[in-house]
Amino acid sequence: MIKDVKAYNQYCPIARAAEILGDRWTILIVREFLCGSRHFNELVRGLPGISRTLLQRRLERLRRYGVLDRRLTADGRSEYRLTHRGEELQSAVWALGRWGYQWALSDPKPEELDPALLLWWVHGRVNLDQLPRTRIVIQFDFHTRRGKNVSWLVLEPQEASVCRDHPGFDVDLLVTADIAVFYDVWLGQITLADARDHGSIQIDGPPALVRAFPHWLQLSRFADVVRESGAREVTPTR
């Protein structure tokens, strides 16, 4: 038994699993690995609010339990990957998310609508096989409670990346959106087409790229839950 984990002292598989995954942040760390993160700084971007010290402790615990493996890449960086034991958590984590959407996810609080985190999630769901063979730079102007937030998504034929500062390339598309509405689109609660029709999202750029944009981005993995329960009505912005 690992000393820094408080045991339930129950010979029960749920209790044993909770001893591994029940600490704050641990299940979200597993979520990030299932979504494709491999490096420490990627985890930091997907887990705003966690301290680097606590993240390191959680990673070491998951390694000791055999959920994670760490190796050095050719450039000397540490790379983390789920072991077979860790990959077996996938169905359980997505099932937890589906339950959370159906029974625990009410209207968002303003502090939960994080533009940087949302764009980080979006970049991990880009349809790379739908992209043109040239670089595409998309600027996102999100309107939030605190004012305008500007970020960039750089789409290359083989990868997508998020930039908090201007990437130094010409912008091909400009997406202007209310952050709450873009969250709704991401979750599949409204369609991008409906949001554009109601003026909540605007996409400016060459017509061919504007038409292609919806095909580049996949929705959240939980969008199918929304489709089963029905979509929301869009409230026009004023």
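Computed from the coordinates by the stated procedures, all read-outs in this text should not be read as laboratory data. Note that the coordinates shown come from a computational prediction; the quantities given were computed from them, not determined experimentally. All Cβ positions, even for glycine, are placed from backbone atoms using ideal geometry, and neighbour counts span all protein chains on display.
Summary of computed values
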quantity: Principal-axis tilt of helix 207-216 within the chain, Cα atoms, nearest 10 degrees; calculated: 20
quantity: Distance between modelled label sites at residue 129 and residue 92, nm, 7 Å Cα→Cβ extension; calculated: 3.1
quantity: Tail fraction, Cα-Cα pairs, the range 56-206, threshold 29 Å, whole percent; calculated: 34
quantity: Label-point gap, in nm, between residue 57 and residue 212 - each point 7 angstrom along Cα→Cβ; calculated: 4.8
quantity: Taking 78, 220 and counting other C-beta atoms within 10 Å, the order from fewest to most; calculated: 78, 220
quantity: Paramagnetic reach from residue 191 in the range 200-220 [backbone N under 18 Å; point 7 Å along Cα→Cβ]; calculated: 200-203, 210-220
quantity: With Cα atoms, 0 to 90° folded angle of helix 90-103 axis to the chain main axis; calculated: 60
quantity: For the chain, calculated [θ]222 nm from helices alone, where every DSSP H run of n ≥ 4 adds -39500 (n - 2.57); calculated: -11500 deg cm²/dmol
